[in-house]
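To start, the structure itself, in structure tokens.
The values are calculated or read from the model by the stated rules, or taken from the named source; none is laboratory data. It should be emphasised that the depicted structure is a prediction, and the values quoted were computed from it without experimental measurement. Cβ atoms come from the backbone with ideal geometry, glycine included; neighbour counts cover every protein chain shown.
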Amino acid sequence: MQKKIIFFRDLGIEHWLTTLNKMNNFTIARNFYTFDEIWFVEHYPIFTQGKLQENKNIIFLHGIPIVKTDRGGQITYHGPGQQVLYFLINLKRRKISIRQFIDIMQNIVIETLNNFSLKAYSKIKTPGVYINGKKICSLGLRIKKGSTLHGLAINVDMNLKPFDYIYPCGDKKIKMTQIKDFNLNVSLQDLQVVLVKKVSKFLKVIMIKED
């Protein structure tokens, strides 16, 4: 039963550290019989550094807080108008490798964006999802107790300026984009509906909303 159902929650907008604490507490408390969950959330403006982060990738923070995290990857920015998905998935139980799960996350996003007539794609050497050479979705994971923490962030309708203060993902060449640049009529709610359908498809589960 635990493999057939995933609960999802809409946390609204939260401070990143609040959500991080919830994620860690959920993972510490979970056991083999705990149902997997996916959390939809927006964050107040913040820069987060992954384990690969080096300070040389910070240009100027303009008063926006920066915190270190235990996820993979390097530096990124979160802010209102960005749809973040946190995957609390037991990979061991589902017999999915980390590489396979990264591919699943990318395919979920690609097909979701395709649904809105946006031609998105992934790159082999630089995880994430891109449109017209610009990055629209960033990924970052941690595995603990055989389960995932963290997840992905899709830029929808946000202020992209803070990305100019850093080298996103540690790469000077990466430029960021968002759904609003291509389609003005897609809301976070619209995106969530399609994301739930695509998660159901790629993970072969029934998604149930949890209040």
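Here are the numbers for the structure shown:
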{"item": "Residue within the range 161-168 that is under 16 Å from Asn115 (Cα atoms), assigned to a helix (DSSP H, G or I) and more than 17 Å from the chain's Cα centre (by Cα) present", "result": "no"}
{"item": "Subset tally (residues that are more than 19 Å from Ser138 (Cα to Cα), without any contact (Cβ under 8 Å) to a residue 24 or more places away in the chain and either crowded, with 17+ Cβ neighbours inside 10 Å or not aliphatic (A, V, I, L, M) (or both)) for the range 168-186", "result": "1"}
{"item": "Candidate set from the range 56-90 (those that are closer than 16 Å to Glu42 by Cα and of a type in the set (Phe, Trp, Tyr)); member that is modelled with the lowest pLDDT", "result": "Tyr77"}
{"item": "Failed item, numbered, when Leu17 is tested on (1) modelled with pLDDT under 95; (2) part of a strand (DSSP E or B); (3) farther than 19 Å from Asp171 by Cα", "result": "(2)"}
{"item": "Cross-chain or 6+ apart pairs with Cβ under 7 Å, the range 89-109 first and within 22 Å of Ile136 (Cβ to Cβ) and in contact (Cβ under 8 Å) with a residue 24 or more places away in the chain, then of a type in the set (Phe, Trp, Tyr) and in a helix (DSSP H, G or I)", "result": "Ile104/Phe202; Asn107/Phe202; Ile108/Phe202"}
{"item": "Tally, over the range 87-118, of residues that are of a type in the set (A, V, I, L, M), surrounded by 15 or more Cβ atoms within 10 Å (Cβ to Cβ) and more than 21 Å from Gln178 (Cβ to Cβ)", "result": "6"}
{"item": "Sole exception among (1) within 17 Å of Ile154 (Cα to Cα); (2) at pLDDT 95 or above; (3) surrounded by 19 or more Cβ atoms within 10 Å (Cβ to Cβ) for Ile6, by number", "result": "(1)"}
{"item": "Members of the range 59-81 found to be closer than 23 Å to Ser147 by Cα and part of a loop (DSSP other than H, G, I, E, B), listed by number", "result": "Thr69, Asp70, Arg71, Gly72, Gly73, Gln74"}
{"item": "Test: residue in the range 140-147 that is buried (at least 21 other Cβ atoms within 10 Å of the Cβ), in a strand (DSSP E or B), in contact with a Pro (Cβ under 8 Å, 6 or more places away or on another chain) and among the small types (Gly, Ala, Ser)", "result": "no"}
{"item": "Failed condition for Lys198, given (1) loosely packed, with under 14 Cβ neighbours inside 10 Å; (2) of a type in the set (Lys, Arg); (3) part of a helix (DSSP H, G or I)", "result": "(1)"}
{"item": "Flag if Val193 is touching a residue at least 12 places away in the same chain (Cβ under 8 Å) and either touching a Pro at 6+ places or on another chain (Cβ under 8 Å) or closer than 24 Å to Asp10 by Cβ (or both)", "result": "no"}
